[in-house]
1. What nm value, rounded to one decimal, do you get for the distance between residue 32 and residue 44 when each label is placed 7 Å out toward the C-beta?
2. Using the Cα centre of the chain as the reference point, and only Cβ charges (+1 on K/R, -1 on D/E), how large is the resulting charge dipole? Debye, rounded to the nearest 20.
3. Measure nothing fancy, just the Cα-based angle from helix 46-61's long axis to the longest principal axis of the chain, in degrees from 0 to 90, nearest 10.
4. When the helix-only estimate is applied to the chain (DSSP H runs of n ≥ 4, each -39,500 (n - 2.57), divided by the residue count), what is the mean residue ellipticity at 222 nm, nearest 500 deg cm²/dmol?
5. Quick one: compute the contact order of the chain, relative version, from alpha carbon pairs under 8 angstrom and 6+ residues apart, as a percent.
6. Applying 1/(1 + (r/R0)^6) with R0 = 22 Å to the Cβ-Cβ distance of residue 51 and residue 17, what FRET efficiency is obtained, to the nearest 0.05?
7. Out of residues 5 or more away from residue 43 or on other chains, whose amide H comes under 5 Å of its own, with H placed 1.01 Å from N in the peptide plane?
Amino acid sequence: MKIITSVTVFNDAVGMRMSATYSEIDEATGRVVSDNQRFDRVITDAEARASAQAVLAYAGESL
């Protein structure tokens, strides 16, 4: 099983991007198979992009 451990959302030259890290756990033994793995995606889904923009706006209001 893969467990998300962190997510970052940011804007760059290609659009709104999500970077996430995860750990992979062997479900049968509970052993950590891999740790701190990372992947990046451009957010193309309109609803996900709106949610990410709302979180970024909330962060900006929290300053």
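1. Between residue 32 and residue 44, the simple spin-label model gives 3.3 nm.
2. 100
3. Result, in degrees: 70.
4. On the way: 1 runs with 16 residues, N = 63.
Taken over the chain, the calculation gives -8500 deg cm²/dmol.
5. On the way: 87 pairs, mean separation 17.1, N = 63.
Taking the mean separation of contacting Cα pairs over the length of the chain, I get 27 percent.
6. Details: r = 14 Å, r/R0 = 0.65.
FRET efficiency, residue 51 to residue 17: 0.95.
7. Amide H neighbours of residue 43: 16, 17, 18.
Values quoted throughout were computed directly from the atomic coordinates according to the rules given, and no laboratory measurement underlies them. Please read these numbers as outputs of a predicted model, since none were measured by experiment. Cβ atoms come from the backbone with ideal geometry, glycine included; neighbour counts cover every protein chain shown.
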